[in-house]
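Enquirer: I have a structure here, written as structure tokens, and I will follow up with some questions on it.
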Amino acid sequence: MDIVIVFTSYYFADKLDKILTAQGIAFKLIAVPPEISDACGMAIRIQPSLIDTVKAIMKDNHISPSHIYWYTRGEEPIVYKGSQ
Amino acid sequence: MNSTKGIIVDVRGSLCPKPVIETKQVVDKAPGEVITTIVDNEVSRDNVEKFGVSKGYSVTIAQEGKDFYLTLVPGDMNHNDVTVNIDTLQESAHVGNRVLLMTKDYLGEGSEELGRNLMKTFWTCVVEADVKPKTIYFINSAVKMVVTDSVHLDNLKELAKAGVDIAACGICLDYYGVKDQVDVGTITNLYAITDSLMNEAVVKL
């Protein structure tokens, strides 16, 4: 099960993509999975072990996620507690 | 050791696509004949082998020094029993009949930056798709996606592992100076790409 971070706009996904790449943090830039939303958007998918690191990066760089989920393909996503 | 049978096509000293072109000329003129094509480099070896297999020949390869002798036996002469690997069948079951022609290293037009991000997400979608493309060709700037340090390598390697044929144009790799940095798939030629465009269900991106 991975963590998927969804954003309010493409701008935030792009900004985090650049920062994580520059810092060499493992992640995937993905389309928002259909299990989470039918709307087309970009999201960041990471291993759960990286969530605290990535949350700190988002806070430092004023990047606002809209939601964070526990995600497994084909299954109902679970809201990550502490995403507020 | 003499590894020559049938009609001999000696294209040592030639670079792609000449070995494939000359082999094809013989195939067209003498269908049903055994052909031995002799090349002296691995790229030509791989491309002639792929061409032979695509035309229904069984291909065996012998090496003598730096030369490769490819013997192409027409399908109707190949009486060997075929052992089917179940794992291969299961992998191939997820590969459809679409051919993707990637013409640049970003998707769409209007914003290259957006297009590069779209490309990242696109490959992830293809990896997760239930039915994958049969072949993905890379031409012009798209060849940058198959070389060392490409951000798309992990996804493309997964596709290759799933049975998708990944091939980049040799002319384009040479133009961008990255021919020795291919990290996934094979190096192909415009002849093979054109053949596919004429005969298969192609999606150009």
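The values are calculated or read from the model by the stated rules, or taken from the named source; none is laboratory data. As the structure is a prediction and not an experimental result, all values here were calculated from the model. Here the Cβ is made from the backbone with ideal geometry for all residues, glycine too, and neighbour counts use every protein chain on show. Just so you know, the surface numbers come from the protein's heavy atoms only, side chains and all, with ligands and any DNA or RNA stripped out. Shrake-Rupley method; radii C 1.70, N 1.55, O 1.52, S 1.80 Å.
Enquirer: Charges on Cβ only, +1 for Lys and Arg, -1 for Asp and Glu, centred on the Cα centroid of the protein assembly as shown; of A:Tyr71, B:Tyr137, B:Thr71, which one is farthest towards the dipole's positive end?
Expert: Farthest along the dipole direction, towards plus: A:Tyr71.
Enquirer: Only protein chains counted, 1.4 angstrom probe. Which residues of the stretch A:4-26 are at least 40 Å² less accessible in the assembly than when their chain is isolated?
Expert: The answer is A:Tyr10 - residues whose exposure falls by at least 40 Å² when every protein chain is included.
Enquirer: Still on this model: Could you give the dipole magnitude of chain A about its Cα centre, charging the beta-carbon of Lys and Arg +1 and that of Asp and Glu -1, in debye to the nearest 20?
Expert: The calculated dipole for chain A is roughly 240 debye.
Enquirer: So, one more: Can you give the mean number of other chain Cβ atoms that lie within 10 Å of the Cβ atoms in peptide B:117-124?
Expert: The shielding value for this peptide is 5.
Enquirer: Leaving out same-chain residues fewer than 8 places away, which aspartates and glutamates sit with a Cα under 19 Å from that of A:Lys15?
Expert: Cross-link targets: A:Asp52, A:Asp60, B:Glu112, B:Glu113.
Enquirer: Still on this structure, please answer the following. For B:Arg98, what charge total do you get from the other residues with a beta carbon under 9 Å from its beta carbon, if Lys and Arg give +1 and Asp and Glu give -1?
Expert: Around B:Arg98, the surrounding residues sum to +1.
Enquirer: What's the carbon and sulfur percent of the stretch B:98-204's accessible surface, probe 1.4 angstrom, rounded to a whole number?
Expert: Carbon-and-sulfur percentage of accessible area, whole number: 52.
Enquirer: Where does helix A:10-22 land angle-wise versus the long Cα axis of chain A, in degrees 0 to 90, nearest 10?
Expert: 60
Enquirer: Hey, another quick one. What total accessible surface area, summed over both chains, is buried at the interface between chains A and B, computed with a 1.4 Å probe and given in Å² to the nearest 100?
Expert: Interface between A and B: roughly 1000 Å².
Enquirer: If you average the sequence gap of Cα pairs under 8 Å that are 6 or more apart and divide by the length of chain B, what percent do you get for the contact order?
Expert: Reported as a whole number, the value is 19 percent.
Enquirer: For A:Lys55, which aspartates and glutamates qualify as cross-link partners when the Cα separation must be under 17 Å and same-chain residues fewer than eight apart are set aside?
Expert: Cα-Cα hits under 17 Å: A:Asp2, A:Asp14, A:Asp17.
Enquirer: Which order do B:Cys172, B:Cys125 take by accessible area at a 1.4 Å probe, largest first?
Expert: Listed by decreasing accessible area, they come as B:Cys125, B:Cys172.
Enquirer: Do the sum for the protein assembly as shown: with -39,500 (n - 2.57) for every DSSP H run of n ≥ 4, divided by all residues, what is the mean residue ellipticity at 222 nm, to the nearest 500 deg cm²/dmol?
Expert: Rounded to the nearest 500, the figure is -10000 deg cm²/dmol.
Enquirer: Here is a further query. Rank these residues by their accessible area, most exposed first, probe 1.4 Å: B:Lys144, B:Lys5, B:Lys132, A:Lys55.
Expert: Largest to smallest exposure gives the sequence B:Lys5, B:Lys144, A:Lys55, B:Lys132.
Enquirer: Filter the cross-link list B:Lys55/B:Lys157; B:Lys29/B:Lys104; B:Lys104/B:Lys161; A:Lys81/B:Lys134 down to pairs whose alpha-carbon distance in this structure exceeds 30 Å.
Expert: B:Lys29/B:Lys104; A:Lys81/B:Lys134
Enquirer: About its Cα centre, what dipole magnitude does the protein assembly as shown give when the only charges are +1 on Lys and Arg Cβ and -1 on Asp and Glu Cβ, stated in debye to the nearest 20?
Expert: For this selection, approximately 440 debye.
Enquirer: Roughly how many Å² of B:Arg116 are accessible to a 1.4 Å probe, to the nearest 10?
Expert: In the full protein context, B:Arg116 sits at about 90 Å².
Enquirer: Additional query: Could you let me know the centre-to-centre spacing of the stretch A:7-84 and the stretch B:125-146, using Cα atoms, in angstrom?
Expert: Taking the Cα centre of each part, the stretch A:7-84 and the stretch B:125-146 sit 24 Å apart.
Enquirer: Considering only protein heavy atoms, what is the solvent-accessible area of B:Leu118 at a probe of 1.4 Å, reported in Å² to the nearest 10?
Expert: Result for B:Leu118: roughly 60 Å² accessible.
Enquirer: Within chain B, what percent of beta bridges assigned by DSSP are antiparallel, to the nearest 5?
Expert: 40
Enquirer: Please report the antiparallel percentage of the DSSP beta bridges confined to the stretch B:114-199, to the nearest 5.
Expert: Rounded to the nearest five, the antiparallel share is 10 percent.
Enquirer: In degrees, nearest 10, range 0 to 90: what is the angle between the Cα axis of helix B:112-128 and the longest Cα principal axis of chain B?
Expert: Taking Cα atoms only, the helix is inclined about 60 degrees.
Enquirer: Most mobile of B:Lys66, B:Lys161, B:Lys179 per a Gaussian network model of chain B (Cα springs, under 10 Å)?
Expert: Judging by the Gaussian network model, the answer is B:Lys66.
Enquirer: Whenever you get a sec, line up B:Val127, A:Val79, B:Val11 from highest to lowest accessible area (probe 1.4 Å, protein heavy atoms).
Expert: The ordering from most to least exposed comes out as A:Val79, B:Val127, B:Val11.
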